[in-house]
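Okay, so here's the structure we're looking at.
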Amino acid sequence: MYKLNCTLVSYLSNVCQQLSASLNASGSSLKVFYGCGSIGLQRALCTSAVRLQETAAPITDSGKTSREFSHFPPMIGQESSLRWGGKKFEELPIAHIKATYNNTHIQLTESTGQSMVRTSCGTEGFKNIKKSTPIAAQSAGISAAAKATAKGVTFVRVVVKGLGPGRLSAIKGLSMGGLEVISITDNTPVPHNGCRPRKARRT
């Protein structure tokens, strides 16, 4: 047991010497007191390491260190520093896409709910069965993006509702028209054994 303690103390003393040499070489003074179980040594090493990290952390133009930036989205109720065109995430316009089996409706609203642009496959000139195709939804998305860009909109949030064939094509049309999609939210209503469905169609 005594030999084990002696080897641990010698190992710790070597580590402390190396740390003090590296800290002295970087320009910071550190008083090291060697001894068995010295708490002052641990505190000194920890505080000097924290000081070195603070001085080594790059400072941005706004005065904030890079440690304050997070790659994860903010929690509910937490303020985020991310901005898109000078606007917060909650202030961005919303592109509502309603994809039914027979048509695809696209409506662009402000964050307050005021309507800005509204298009659909039917208003783009598609009739009957052609309204329920992905190409029609893509052309409606391009048209909606062109109208929104004319009104000064660049960044949008997308909310998709429905299971129609034009779900993804409408989002692709918005991005092809010049809009930058920030987020995609699926708002399709899913019944938890609610209403009784219609009887099956006879073929």
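Restricting to segment 164-202, count the residues that are surrounded by 10 or more Cβ atoms within 10 Å (Cβ to Cβ) and out of contact with any Pro (no Cβ under 7 Å at 6 or more places or on another chain).
Going through segment 164-202 one residue at a time, the tally reaches 22.
For segment 95-109: of the residues being touching a Lys or Arg at 6+ places or on another chain (Cβ under 7 Å) and part of a loop (DSSP other than H, G, I, E, B), which is surrounded by the fewest Cβ atoms within 10 Å (Cβ to Cβ)?
Only one residue tops the list, namely ASN102.
Take segment 145-168 and flag every residue that is in contact with a helix residue (DSSP H, G or I) (Cβ under 7 Å, 6 or more places away or on another chain) and free of Cβ contacts under 8 Å to residues at least 60 places away in the same chain.
Scanning segment 145-168 gives a single hit, ALA145.
Does LYS127 satisfy the criteria of being touching a Lys or Arg at 6+ places or on another chain (Cβ under 9 Å), open to solvent by 100 Å² or more (accessible area, probe 1.4 Å) and modelled with pLDDT of 65 or more?
Numbers: touching a Lys or Arg at 6+ places or on another chain (Cβ under 9 Å): no; open to solvent by 100 Å² or more (accessible area, probe 1.4 Å): yes; modelled with pLDDT of 65 or more: yes.
Criteria not met by LYS127.
Just to be sure before I move on: is LYS88 open to solvent by 60 Å² or more (accessible area, probe 1.4 Å), modelled with pLDDT of 95 or more, among the basic types (Lys, Arg) and within 20 Å of ILE184 (Cβ to Cβ) in the structure I sent?
Values: open to solvent by 60 Å² or more (accessible area, probe 1.4 Å): yes; modelled with pLDDT of 95 or more: no; among the basic types (Lys, Arg): yes; within 20 Å of ILE184 (Cβ to Cβ): yes.
So LYS88 does not fit the description; no.
The values are calculated or read from the model by the stated rules, or taken from the named source; none is laboratory data. Keep in mind that this is a model prediction, so the values were computed, not measured. Cβ atoms come from the backbone with ideal geometry, glycine included; neighbour counts cover every protein chain shown. To get the accessible areas, we keep the full protein, side chains included, count just its heavy atoms, and leave off ligands, DNA and RNA. Shrake-Rupley method; radii C 1.70, N 1.55, O 1.52, S 1.80 Å.
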